[in-house]
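Encoded as structure tokens, the structure appears first; notes follow it.
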Amino acid sequence: MKYSNKPFPKALKEIMDKKDIIHRKLAAKTNFCFSYFCVLKKREKHPPIETIKKIASGLGIPPEYFLEYRIDKLVKILMDNPEATDCVFDFAQEFINETIEVPEKGFIKYYPGTAKAT
């Protein structure tokens with residue numbers, strides 16, 4: 001399944017539309033009330049990670065689908081491995097500046113400890 005790079009409310013709406021799931025049905029699967037999904041659609045901040053996990057489970061998708069989950073996971077990895085922070089930052093800067101060529105499929109293979117990406 002492809003990941004979404006959209007904010008949580010937009011990503012949630014898209015995946016619900018794609019899977020043809022209405023809020024009431026998702027609410028029943030996640031034990032959240034129907035009105036909570038209305039709040040999520042208007043919220044500027046992403047919901048707690050545990051909420052993202054429950055919603056993803058209710059939708060039958062991995063929580064990694066949501067950008068906010070992946071960002072949170074990346075932050076935890078960097079906090080646990082501070083020595084990798086500089087490498088990741090440099091890699092991201094190169095990527096943003098388009099000095100790293102991305103293969104057609106959109107995947108990048110990164111070799112830790114180097115600036116090499118393939």
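Restricting attention to the stretch 65-76, report how many residues are surrounded by 13 or more Cβ atoms within 10 Å (Cβ to Cβ) and either in contact with a Lys or Arg (Cβ under 8 Å, 6 or more places away or on another chain) or closer than 16 Å to Lys10 by Cβ (or both).
Selection size over the stretch 65-76: 6.
Using beta carbons and a limit of 8 Å, which pairs, at least six apart or on different chains, have the first residue in the stretch 1-22 and over 19 Å from Asp72 (Cα atoms) and the second one open to solvent by less than 100 Å² (accessible area, probe 1.4 Å) and among the small types (Gly, Ala, Ser)?
Glu14/Ser4; Ile15/Ser4; Lys19/Gly60
Mind checking which residues of the stretch 7-19 are farther than 16 Å from Ser57 by Cβ and surrounded by 14 or more Cβ atoms within 10 Å (Cβ to Cβ)? So that I can check it myself, show each step before the final result.
Restricting attention to the stretch 7-19, the residues satisfying the condition of being farther than 16 Å from Ser57 by Cβ are 7, 9-10, 13-14, 17-18.
Of everything in the stretch 7-19, those that are farther than 16 Å from Ser57 by Cβ and surrounded by 14 or more Cβ atoms within 10 Å (Cβ to Cβ) turn out to be Pro7, Pro9, Lys13.
What number of residues within the stretch 77-100 are assigned to a helix (DSSP H, G or I) and either modelled with pLDDT under 85 or surrounded by 11 or more Cβ atoms within 10 Å (Cβ to Cβ) (or both)? Give the steps one after another, and end with the answer.
Applying the first criterion (assigned to a helix (DSSP H, G or I)) to the stretch 77-100 yields 77-80, 82-96.
Subset that is either modelled with pLDDT under 85 or surrounded by 11 or more Cβ atoms within 10 Å (Cβ to Cβ) (or both): 77-78, 84-85, 87-96.
Residues flagged as assigned to a helix (DSSP H, G or I) and either modelled with pLDDT under 85 or surrounded by 11 or more Cβ atoms within 10 Å (Cβ to Cβ) (or both) within the stretch 77-100 amount to 14.
Of all residues in the stretch 23-36, count the ones that are more than 10 Å from Gly58 (Cβ to Cβ) and in contact (Cβ under 8 Å) with a residue 12 or more places away in the chain. Can you show your working first?
Quick first cut of the stretch 23-36, residues more than 10 Å from Gly58 (Cβ to Cβ) only: 23-24, 33-36.
Among the residues that remain, those that are also in contact (Cβ under 8 Å) with a residue 12 or more places away in the chain are: 23.
So the answer is 1.
Suppose we filter the stretch 20-37 for residues that are open to solvent by 80 Å² or more (accessible area, probe 1.4 Å) and not in a loop (DSSP other than H, G, I, E, B); how many remain? Write out each step before concluding.
Applying the first criterion (open to solvent by 80 Å² or more (accessible area, probe 1.4 Å)) to the stretch 20-37 yields 20, 22, 24-25, 29, 31.
With not in a loop (DSSP other than H, G, I, E, B) added as a condition, the list becomes 24-25, 29.
Selection size over the stretch 20-37: 3.
Farther than 17 Å from Ser4 by Cβ and without any contact (Cβ under 8 Å) to a residue 60 or more places away in the chain - does that describe any residue in the stretch 60-76?
Yes, some residue in the stretch 60-76 is farther than 17 Å from Ser4 by Cβ and without any contact (Cβ under 8 Å) to a residue 60 or more places away in the chain.
Within the stretch 38-64, work out how many residues are assigned to a helix (DSSP H, G or I), open to solvent by less than 20 Å² (accessible area, probe 1.4 Å) and not polar (S, T, N, Q). Break it down stepwise before answering.
Taking the stretch 38-64 as the starting set, the residues that turn out to be assigned to a helix (DSSP H, G or I) are 38-42, 49-59, 63-64.
Narrowing the set further to residues that are open to solvent by less than 20 Å² (accessible area, probe 1.4 Å) leaves 40, 51-52, 55-56, 58-59.
Narrowing further to those that are not polar (S, T, N, Q): 40, 52, 55-56, 58-59.
Count: 6.
The values are calculated or read from the model by the stated rules, or taken from the named source; none is laboratory data. Small disclaimer: the values here were computed from a predicted structure and weren't measured. Glycine also receives a Cβ, built like all others from the backbone with ideal geometry; neighbour counts cover every protein chain displayed. Heavy atoms of the whole protein, side chains included, go into the accessibility calculation; ligands, DNA and RNA do not. Shrake-Rupley method; radii C 1.70, N 1.55, O 1.52, S 1.80 Å.
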